[in-house]
1. Can you name the helices (runs of 4 or more DSSP H) wholly within the stretch 337-447 that have at least 1 residues being hydroxyl-bearing (S, T, Y), touching a helix residue (DSSP H, G or I) at 6+ places or on another chain (Cβ under 9 Å) and under 28 Å from Y277 (Cβ atoms)?
2. Do any residues in the stretch 138-161 that are free of Cβ contacts under 8 Å to residues at least 12 places away in the same chain have Cβ atoms under 6 Å from those of residues that are surrounded by 13 or more Cβ atoms within 10 Å (Cβ to Cβ), where the two are at least six apart or on different chains, and which pairs are they?
3. Restricting to the stretch 303-333, count the residues that are of a type in the set (A, V, I, L, M), out of contact with any strand residue (DSSP E or B) (no Cβ under 6 Å at 6 or more places or on another chain) and more than 17 Å from G389 (Cβ to Cβ).
4. In the stretch 417-444, which residues are in contact (Cβ under 8 Å) with a residue 60 or more places away in the chain and not β-branched (V, I, T)?
5. Just wondering, is there one or more residues in the stretch 261-271 that are touching a helix residue (DSSP H, G or I) at 6+ places or on another chain (Cβ under 8 Å), of a type in the set (F, W, Y) and on the phi < 0 side of the Ramachandran plot?
6. Hand me the list of strands (runs of 3 or more DSSP E) wholly inside the stretch 231-331 holding 2 or more residues that are in contact with an Asp or Glu (Cβ under 9 Å, 6 or more places away or on another chain).
7. Could you please find all residues in the stretch 169-225 being part of a loop (DSSP other than H, G, I, E, B), of a type outside the set (A, V, I, L, M, F, W, C) and either without any contact (Cβ under 8 Å) to a residue 60 or more places away in the chain or under 22 Å from L296 (Cβ atoms) (or both)?
8. List every residue pair whose Cβ atoms lie under 8 Å apart, where the two residues are 6 or more positions apart in sequence or sit on different chains, the first residue falls within the stretch 306-322 and is free of Cβ contacts under 8 Å to residues at least 24 places away in the same chain, and the second residue, located anywhere, is buried (at least 21 other Cβ atoms within 10 Å of the Cβ) and assigned to a strand (DSSP E or B).
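The values are calculated or read from the model by the stated rules, or taken from the named source; none is laboratory data. As the structure is a prediction and not an experimental result, all values here were calculated from the model. Counting neighbours? That spans all protein chains shown, and the Cβs are built from the backbone with ideal geometry, glycine included.
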Amino acid sequence: MSGLGKLRVAVIGAGAAGLCAARHILARQDLFTPPVVYELTKYVGGTWVYEDRVGHYDNGLPIHSSMYRDLRTNIPKEVMSFPDFPFAAHLPSFVHHTEVRKYLEQYCDHFRLWDHIRFGTMVDTVNPVKEESRWKGLAWDVTTSDGVDRSLSIKERFDAVMVCNGHFYDPYIPAIPGLEKFKGMLMHSHDYRSAEPFEGKSVVLLGAGLSGLDISMELSSVNAKVILSHGQQPLTCPLPPGVEQAPPVARVLDDGTLEFKDGNQAMPEVFLFCTGYNFTFPFLNKEVGVQVKDHLVFPLYKFLIPPAYPSLFIVGICRAICPFPHFHVQSQFIMSVLEGSFPLPSREEMEKDIELDIAARRARGIATRHILKLDSEQWAYNDHLAQLGGFEPLPRYWSNLYESNKVFRARDMLNYKTHNYAVLNETDWMVQNLQGQQLPKPQLKHM
């Protein structure tokens, strides 16, 4: 970046990823002008801002929140935090969502981010512009409008753009033959807020990810009869009362009956989809060539950078990850790219890297729709970015504690959130049950 002067970076979204991006830009005032963070709502926190209503706000804008009223985190706070900003020590390991929102507001206080966020601002278009004097000969025109009055439009130019718009607000409904024939209540977990409206009802809940498991437990508490329909290996841990498992729903018959893949049938009052979300970047110029197909966003070098437009960064699209530290690592890597401490390979080399990486994942039997689902591979990915960017990797205890919590959850989904963890040093930690007894750590497969 030598000779270019300070770089001006736009950040789209003031959820956890956008706030983390802004924090790292602001920390390098020798290299960057203060960030401009665009946020559609009046709040920071993104998906962690609970909204009791569903559908649309009074101003016609869609309600993006997918948070439900009683959600507590499924990741212990000891590894859920940003590495440079721990949660308050007095909190339990598994906190209510209101504590996460409060934590993100405190992160803004601590790193003095508030003045750099433009609330109530819709990003309409992000267009690349060739400009030789800019970084990599490229600039970006970002056109925004007032979230309410769309006629008030502003265009600004930046050297780089970090897209942090989240991916928990556009519900994915799988194509099930005959779905339009279902006669009961059809809904996605995006619109689920609390269990009481489902008291005593029969529910087929499709999807046994973390939200599906959580919601099935909530429904059990109000005596709903739940069929947890999913295509994973059958759960072996104790299930809540009134919850049974079934294979995926194969089709809906003419009379509205659901037929499962094993031929069994059910006619529930409610068909609830816990099937995840679509990626969407409606503001990105098609010329940039970022595509979404079968839940894969591509082509992106290191799941971040389109090779043809290397000053655009799409942050936080990987799934089944420990999100805040992941954003922390990605943001630092992006800083190393922009400052030049990690010189990007050529466009052709980056494209080859993407091709080889995806081919290697497919060779291991990973379906296209799961390529972004890093799970236990996230630790090698994070360390790889730290090595390339020349910054501190996450402390060694991080991956071990996170993976151990997954084992406890698989053993006992009903009670694992009663555990409390403590970090002892850079490499070690301990866990206690509700009675204060120290629990043995699970034996983990080598990651």
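1. Details: elements: 347-363, 378-389, 397-411.
Filter on the stretch 337-447 gives 378-389, 397-411.
2. From the stretch 138-161, the pairs are L152/S145; L152/D146; I154/T144.
3. Number of matching residues: 2.
4. Passing the criteria: K417, H419, N420, Y421, A422, W429.
5. The answer is no; no qualifying residue exists.
6. Working: elements: 243-246, 249-252, 258-260, 270-273, 291-293, 296-298, 312-314.
Passing ranges, in order: 249-252.
7. Keep residues of the stretch 169-225 that are part of a loop (DSSP other than H, G, I, E, B), which gives 169-170, 172-178, 182-184, 192-195, 199-201, 207-209, 221-224.
Now drop any that are not of a type outside the set (A, V, I, L, M, F, W, C), which leaves 169-170, 172, 174, 177-178, 183-184, 192-194, 199-201, 207, 209, 221, 223.
Correct list: Y169, D170, Y172, P174, E199, G200, G207, G209, S221, N223.
8. Short answer, once both residue conditions are applied: P306/L312; P306/I314.
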